[in-house]
Amino acid sequence: MQPDRHSRALAAHTLQQFRTLSPLTHCMTNEVVQSFTANTLLALGASPAMVIEPEEASQFAAIASALLINVGTLTESRAIAMRAAVEQAQQAKTPWTLDPVAVGALDFRRRFCLDILALRPAAIRGNASEILALAGMNAGGRGVDTTDTALAAIPAAQTLARQVGTIVAVTGEVDFVTDGQRTVSIHGGDPLMTRVVGTGCALSAVVAASCALEGDRLNNVASACSWMKQAGQRATEQSTGPGSFVPAFLDALYNLNAQEQA
Amino acid sequence: MQPDRHSRALAAHTLQQFRTLSPLTHCMTNEVVQSFTANTLLALGASPAMVIEPEEASQFAAIASALLINVGTLTESRAIAMRAAVEQAQQAKTPWTLDPVAVGALDFRRRFCLDILALRPAAIRGNASEILALAGMNAGGRGVDTTDTALAAIPAAQTLARQVGTIVAVTGEVDFVTDGQRTVSIHGGDPLMTRVVGTGCALSAVVAASCALEGDRLNNVASACSWMKQAGQRATEQSTGPGSFVPAFLDALYNLNAQEQA
Amino acid sequence: MQPDRHSRALAAHTLQQFRTLSPLTHCMTNEVVQSFTANTLLALGASPAMVIEPEEASQFAAIASALLINVGTLTESRAIAMRAAVEQAQQAKTPWTLDPVAVGALDFRRRFCLDILALRPAAIRGNASEILALAGMNAGGRGVDTTDTALAAIPAAQTLARQVGTIVAVTGEVDFVTDGQRTVSIHGGDPLMTRVVGTGCALSAVVAASCALEGDRLNNVASACSWMKQAGQRATEQSTGPGSFVPAFLDALYNLNAQEQA
């Protein structure tokens with residue numbers, strides 16, 4: 001039995017709050033997707049900032065509304081800065097989100113991710129292979145690709161959510177968001193999104209930003225997934241390939257529920 | 001009383017010179033905007049090059065027509081390379097431009113910026129908060145956002161220009177460029193530009209490149225601001241959000257005053 | 001006398017094989033072009049991964065179908081990781097490709113490139129200035145620009161191919177691919193491609209990925225050049241400048257020979 005669908009009306013309501021708050025989102029993410037991530041946040045009305053030097057990252061994590069840690073192009077010096085930022089975020093009660101990119105395939109980042117889980121992220125966003133690997137149920141996977149379906153990873157996501165005390169979003173053709181007890185599903189999107197680099201990483205940044213909102217965090221994270229699914233679907237309808245998808249996607253995020261925009 | 005408007009005819013004339021020279025512009029900029037910065041320079045007819053290793057950065061600063069230093073994602077190793085490049089630029093008489101991104105919010109980059117000012121940039125480009133902070137009149141600001149208007153920062157810009165012996169461009173809804181004595185304003189653009197990452201950083205690269213031109217540097221820098229304002233306005237008219245803005249903006253830069261292109 | 005033209009029918013046939021294999025392409029490339037490179041590979045049906053930390057890069061080079069080394073923003077730490085990856089690639093028989101960006105202008109990367117040539121790349125892709133410099137026939141060149149034509153660099157390319165035992169692609173208005181004995185030419189494209197950052201670097205990634213295919217490597221590399229020339233030409237016809245070129249180019253790659261797609 002599939003989990004209940006998250007309501008689009010609820011997602012629209014959460015988007016209104018998101019645009020009002022305009023969360024200052026500190027992104028420590030991989031080299032490949034920084035520009036697309038920043039543009040995704042800006043299109044939705046958030047305020048992104050990429051700050052990476054250890055001293056600065058720590059200082060900024062206390063100012064920011066939310067922090068994203070994405071290990072896509074992790075290096076030793078970046079890991080040091082990320083840890084400093086997460087420690088400061090914990091002290092300052094800044095919610096932080098983990099995107100464990102390709103954690104099942106590479107040992108250095110797996111050690112880092114498992115280690116930093118102890119500092120209790122507000123949310124974790126990954127594909128099925130990544131969530132399975134993080135939960136210790138590695139089923140392979142050759143990098144950023146997912147060779148497992150999100151549906152099959154729900155038990156691992158629920159276990160991980162309970163163990164860490166966090167929200168886990170396992171995303172794919174259908175997204176699932178769980179706090180370990182409740183689980184909701186988010187439909188929409190299009191396979192074309194997998195032909196554009198950074199859609200998953202940008203989603204993690206939106207998830208991170210959504211954790212700055214008041215209210216039910218499960219709903220906030222599910223709403224973030226919903227905005228991206230809706231924009232992805234609309235953009236696919238208006239594009240002739242992955243190139244024209246990108247501007248159409250950012251426009252769709254910008255214009256989502258436009259009647260409700262200030 | 002607002003400063004006199006910079007003439008669009010003068011900006012068009014300067015653009016002709018810019019395209020003829022095609023300045024080789026050495027960009028040491030932040031991780032987020034490198035691609036957009038390079039594409040902006042290429043669209044205008046300049047020749048960008050991102051060279052970052054200390055030995056190479058020093059070697060290249062002597063070959064280049066102009067150098068940009070942008071501290072958006074400063075790290076200790078990047079700071080070392082930037083200093084080596086600036087020192088070489090000074091010896092080789094390569095004009096260099098400083099973009100003090102978020103200098104008011106973060107201490108590490110503020111120390112770096114204040115320190116490197118002694119090596120006398122040809123120009124400084126920032127938003128109001130950044131120029132106020134660099135002039136020692138910090139009024140807050142939560143990162144790359146500006147919480148002050150450019151108009152209010154004119155006195156700080158003029159003081160900074162006189163103290164350092166440089167051109168200061170303080171940009172926002174209206175841009176102002178000053179050498180400490182003369183001040184001109186540049187109108188145009190659209191708030192949509194603030195929803196696209198890197199428009200300010202790319203402007204700094206164009207300002208840097210414009211400093212390679214002969215003639216009145218105040219006019220050259222104001223012309224750079226004018227090209228970007230004009231292209232931003234045209235692109236906004238042709239786009240339905242920040243996604244479609246980007247290709248439209250680069251096309252507009254490429255086609256600016258097309259009748260005068262070779 | 002110009003070399004024979006590579007057949008578009010052959011390029012179409014190779015593209016079918018490429019899409020079927022979907023080579024997992026490990027890209028160690030410069031900071032500026034990572035996103036465009038990944039999107040180019042995704043549009044063609046390959047699977048890109050950017051992994052850069054020394055331990056991870058070595059681990060991943062053994063899993064990947066192909067490896068790209070691009071020295072555009074080389075640093076000392078990146079050079080160490082690249083060497084580790086290439087050594088592992090050699091052991092694991094993963095074919096690796098070198099893009100010697102601006103090798104003629106900068107000493108640090110020239111030393112690195114000449115050094116790493118001993119580890120025998122499957123292919124080298126560069127513009128005329130870069131291939132001449134790598135072959136020890138430096139004719140100048142002010143960075144990433146090419147001041148020589150590809151035609152004039154054919155003898156250097158052939159010598160380099162024989163000495164190293166590799167395929168050399170020297171690209172420009174016309175591309176030439178040689179194994180030292182046979183040489184073919186690839187026509188198409190448009191000068192507008194030089195106004196977009198990363199078209200050459202992305203081509204190198206596609207060349208790298210094509211080296212994962214079975215069969216005649218000279219044909220595989222020439223096919224990679226052909227796909228990019230064809231998409232570049234189609235995109236130019238559909239765009240009004242370098243901004244609209246980018247989405248049109250990725251769409252054209254995605255839709256190339258669509259009748260043959262699965």
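Name the residues of segment C:2-45, by number, that are at least 30 Å² less accessible with every protein chain in place than in the isolated chain; the surface is that of heavy atoms, probe 1.4 Å, without ligands or nucleic acids. Residues passing the criterion (a loss of at least 30 Å², heavy atoms only) are C:L24, C:E31, C:V32, C:Q34, C:S35, C:N39, C:L42.
Does anything in segment A:102-116 have its amide N under 18 Å from the 7 Å Cα→Cβ label point of A:E87, and if so which residues? Zone members listed by number: A:112-116.
Solvent-accessible area per residue in chain B equals 34 Å², computed with a 1.4 angstrom probe and all protein chains kept.
With a 1.4 Å probe and all protein chains in place, put A:L67, B:L114 in order of accessible area, largest first. Write out the running numbers ahead of the final one.
Values: A:L67 0, B:L114 85 Å².
Largest accessible area first, the list is B:L114, A:L67.
List the chymotrypsin sites (Phe, Trp or Tyr not before Pro) in segment C:208-262 that DSSP assigns to loop (not H, G, I, E or B) and whose Cβ has at most 11 other Cβ atoms within 10 Å. Which are they? Display every interim value, and only then the final one.
Working: sites: C:W227, C:F245, C:F249, C:Y254; in loops: none.
Hits after loop and neighbour filter: nothing returned.
Between C:S47 and C:L24, C:T25, the built amide H atoms are under 5 Å apart, and every one of these is 5 or more places off in sequence or on another chain. For C:H26, B:H187, the ranking by accessible surface with the largest value first comes to B:H187, C:H26, using a 1.4 Å probe. Heavy-atom accessible surface, probe 1.4 Å, ligands and DNA/RNA ignored: which residues of segment B:185-216 lose at least 40 Å² versus the isolated chain? When all protein chains are present, B:R195, B:V197 each give up 40 Å² or more of accessible surface.
Put simply, the amide H of A:R5, placed in the peptide plane, has neighbours under 5 Å in A:S185, leaving out anything fewer than 5 places away on its chain.
For the pair A:H187 and A:E214, label points projected 7 Å from Cα toward Cβ lie 3.3 nm apart. A 1.4 Å probe, protein heavy atoms only, puts the accessible area of B:D4 near 120 Å².
Here the 3J(HN,Hα) profile of segment C:72-83, calculated from phi with Karplus coefficients 6.51, -1.76 and 1.60 at θ = phi - 60°, is x, 10, 4, 10, 5, 5, 5, 4, 5, 5, 4, 4 Hz, Gly and Pro shown as x.
In this structure the amide hydrogen of A:V174, modeled in the peptide plane, comes within under 5 Å of the amide hydrogens of A:A150, none closer than 5 places in sequence on its chain. Sequentially through segment A:227-240, phi angles give Karplus couplings (6.51, -1.76, 1.60; θ = phi - 60°) of 4, 5, 4, 5, 5, x, 5, 4, 5, 4, 4, 9, 10, 10 Hz, Gly and Pro residues having no value and appearing as x.
Can you pull the percent of segment B:1-62's accessible area that's carbon plus sulfur, 1.4 Å probe, other chains left in place? Spell out each step's value before the answer.
Working: 1110 of 2050 Å².
Accessible surface attributable to carbon and sulfur in segment B:1-62 totals 54 percent.
Give me the accessible area buried between chains B and A, both sides summed, with a 1.4 Å probe, in Å² rounded to the nearest 100.
Numbers: alone 11080 and 11080 Å², together 19890 Å².
By this definition, chains B and A bury close to 2300 Å².
Phi angles across segment B:197-212 convert, under the Karplus curve 6.51 cos²θ - 1.76 cosθ + 1.60 with θ = phi - 60°, into 3J(HN,Hα) values of 5, x, 5, x, 5, 5, 4, 4, 5, 5, 4, 4, 5, 5, 6, 7 Hz, Gly and Pro given as x. Comparing the full protein assembly with the isolated chain, the residues of segment C:225-249 losing at least 40 square angstrom of accessible surface (1.4 Å probe) are C:T240, C:P242, C:G243, C:P247.
On the protein heavy atoms, probe 1.4 angstrom, tell me the percent of accessible surface of segment B:75-197 carried by carbon and sulfur. Please list the in-between numbers first.
Details: 2400 of 4680 Å².
Carbon-and-sulfur percentage of accessible area, whole number: 51.
With a Cα-only, solvent-free Debye model of the protein assembly as shown, what are the log10 I(q)/I(0) values at q = 0.05 Å⁻¹? Debye output, listed in q order: -0.23.
The values are calculated or read from the model by the stated rules, or taken from the named source; none is laboratory data. Just so it is clear, the structure is predicted and the values come from calculations on it, not from any experiment. In this analysis, Cβ positions are derived from the backbone assuming ideal geometry, glycine residues included, and neighbour counts consider all displayed protein chains. When the accessible area is computed, the model is the full protein with side chains, heavy atoms only, and any ligands, DNA or RNA have been set aside. Shrake-Rupley method; radii C 1.70, N 1.55, O 1.52, S 1.80 Å.
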